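The values are calculated or read from the model by the stated rules, or taken from the named source; none is laboratory data. Just so we're clear, the structure is a prediction, and the values are computed from it rather than from any experiment. Note that each Cβ is placed from the backbone with ideal geometry, even for glycine, and that neighbours are counted across all protein chains shown. Just the protein is used for accessible areas: all its heavy atoms, side chains included, with ligands, DNA and RNA removed. Shrake-Rupley method; radii C 1.70, N 1.55, O 1.52, S 1.80 Å.
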Amino acid sequence: MRLKLFHKLFLVLVGTSVLSLVLFASFAHWYAQRSFLRYLNDEREARLAVLSEQLLAVHARDGDWHALRNEPRAWRQLLREAMHAPLQNEDRPPPPGELGRAHRGPPPHGARDGKRRPLFGPGPHIDATLYDTDYKIIAGPLPYRSDLRLHAINRDGRTLAYVGVPPLRNPADARDVRFARRLARMVLGGALVAGVLSLLVAAWLARRQSRPIIELGAGARALASGHFATRLAPQGSDEIGALVDDFNVLARTLEDNESARRRWFADVSHELRTPLAIMRGELEAASDGIRPINAALVASLGQETARLAHLVDDLYQLARADIGALDYEFARASLGALLTESISHFARRWQQSGIHYDYDIDADLCAHVDSRRILQLLENLFENSTRYTDAPGRLEITARRVNGDAQLIIADSGPGVAADELGQLFEPLYRAEKSRGRAHGGSGLGLAICKRIVTAHGGHIEARPSPLGGLAIHIQLPLVQ
């Protein structure tokens, strides 16, 4: 069965949470048990210190250990007194009776009070033993072993005896065992509560993180079906939010491209229909005898044929430029020389059209370019200015070095282009309002081809209002040293 993203996220989050809880609960249980045993050992050490004082008193009174030797009841009574004696920070008074006296009756009143807990075992069981310096038993039931914990009874730097107790590895007292079990249940209960909370948080987080991905998948399928108006709601500023924003940008771009494609087909059809309609009308008129077949008819048909051929050629070049199929042969060349050559080619036409031109060209402009494509670029731009500048007009051409790049400006006089149309001039088949329309004979593809050529050379081209009242084309190309 194929798992969905929600299930994968949920399982990963739950697995990580459960593993973390198990490790934490195990560590907490181990540490709590260890700390509790340390506490019991510390308290037992404190009781042993009290017992040591009692034993010193007994030895000082009797001079030896005969009062305890072979007297189990005296030893047990001494242990009870040590067990119930108040420790540091305790306010319970010691049990009645002299320190070290072997009581032969029942324990003193209060010795079994619920607030006092025997450390050496409940009831008759005694797990502490008194040894002499040769590790022979004086009092108590345990033979000497190497694993016993010995507490020396010292006076004036001399060891009188040892009190040995077995190591405490687990709680022995019933109340200690109950406390340890309650502690374990508390850790387990906390882990279970945390586990339930982790399940809820994992489900919420998995759903929250997977929802944008699911929406992205649905949006991608909608785009693949041609619904380019699809948009997703913003998801924040994290990586998923950035991905959603990128998706919306992609959808908007596809929608714009689809609109441009439809407009492109409509414009191409219209551009091709116009000369074909003129040619068809001319031929029908000649066929019906309305217009005689003469040189004027042939010239008209030739003009429309040339316009059609020019449009088809521009479309072909633009299509090749869009797919990167235009041939480029880059070499070091002088931009000043290429500009001068192109200006000399158009000089006579400008004079005949009543256009006065001026140019200021820095001769020391060398770039790594395809000279043939640069001449095509300049020819399209100069042709554009020649067609769309009213006579008497003016044309200014400047080329200079700016910040290590060559900056070329071709500015003409009126008519100009509206500011909101400047950014669309480089779109294929786009024509500015009236002043630069089809009446001037252009195909509407020249500036689009110019943009492809400049981009292929690593440059930048844009249209701005001209200080002369018309249009100014700014081109920036990288130079070589």
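Count of region 380-420 residues, restricted to those that are touching a helix residue (DSSP H, G or I) at 6+ places or on another chain (Cβ under 8 Å), polar (S, T, N, Q) and not in a loop (DSSP other than H, G, I, E, B), is 3.
Every residue in region 227-236 that is touching a helix residue (DSSP H, G or I) at 6+ places or on another chain (Cβ under 7 Å) and either part of a helix (DSSP H, G or I) or open to solvent by 60 Å² or more (accessible area, probe 1.4 Å) (or both), please. A229, R231, P234, Q235 - these are the residues of region 227-236 that are touching a helix residue (DSSP H, G or I) at 6+ places or on another chain (Cβ under 7 Å) and either part of a helix (DSSP H, G or I) or open to solvent by 60 Å² or more (accessible area, probe 1.4 Å) (or both).
Among residues of region 25-54 that are of a type in the set (D, E, K, R), those with a Cβ under 9 angstrom from a residue that is in a helix (DSSP H, G or I), sequence gap 6+ or separate chain, pair up as R47/L79; R47/A82; R47/M83; E53/A82. For S334, the test of being surrounded by 11 or more Cβ atoms within 10 Å (Cβ to Cβ) and touching a strand residue (DSSP E or B) at 6+ places or on another chain (Cβ under 9 Å) is passed.
The residue of region 237-287 that is nearest to the chain's Cα centre (by Cα), among those that are of a type in the set (G, A, S) and loosely packed, with under 11 Cβ neighbours inside 10 Å, is S237.
I'd like to check something: does region 383-398 contain any residue that is closer than 19 Å to H460 by Cα, among the acidic types (D, E) and in contact (Cβ under 8 Å) with a residue 60 or more places away in the chain? No: zero hits. If I ask for residues that are farther than 14 Å from G190 by Cβ and either among the hydroxyl-bearing types (S, T, Y) or not in a helix (DSSP H, G or I) (or both), which ones from region 18-48 would you list? Residues satisfying the conditions are S35, Y39.
Quick test for you: out of A266, A242, A260, A251, pick the one residue that is small (G, A, S), in a helix (DSSP H, G or I), at pLDDT 85 or above and under 30 Å from L315 (Cβ atoms). After applying the criteria, what remains is A251.
Contact map, region 291-314: residues that are closer than 21 Å to S269 by Cβ and aromatic (F, W, Y) paired with residues that are open to solvent by less than 80 Å² (accessible area, probe 1.4 Å) and in a helix (DSSP H, G or I), Cβ distance under 7 Å, separation 6+ or inter-chain. No pairs are found.
Of the residues that sit in region 16-63 and are surrounded by 13 or more Cβ atoms within 10 Å (Cβ to Cβ), among the acidic types (D, E) and modelled with pLDDT under 85, which one is nearest to P166 (Cα to Cα)? Residue satisfying both the conditions and the ranking: E45.
Only one of the numbered conditions (1) assigned to a loop (DSSP other than H, G, I, E, B); (2) modelled with pLDDT of 80 or more; (3) not acidic (D, E) is violated by G121, and that is (2). Determine, yes or no, whether A321 is buried (at least 18 other Cβ atoms within 10 Å of the Cβ), farther than 30 Å from P275 by Cα and either of a type outside the set (S, T, Y) or in contact with a helix residue (DSSP H, G or I) (Cβ under 7 Å, 6 or more places away or on another chain) (or both). Against the criterion (buried (at least 18 other Cβ atoms within 10 Å of the Cβ), farther than 30 Å from P275 by Cα and either of a type outside the set (S, T, Y) or in contact with a helix residue (DSSP H, G or I) (Cβ under 7 Å, 6 or more places away or on another chain) (or both)), A321 does not qualify.
Can you tell which of A194, A224 is over 24 Å from the mean Cα position of the chain (by Cα) and exposed (fewer than 12 other Cβ atoms within 10 Å of the Cβ)? Within the list A194, A224, the selection yields A224.
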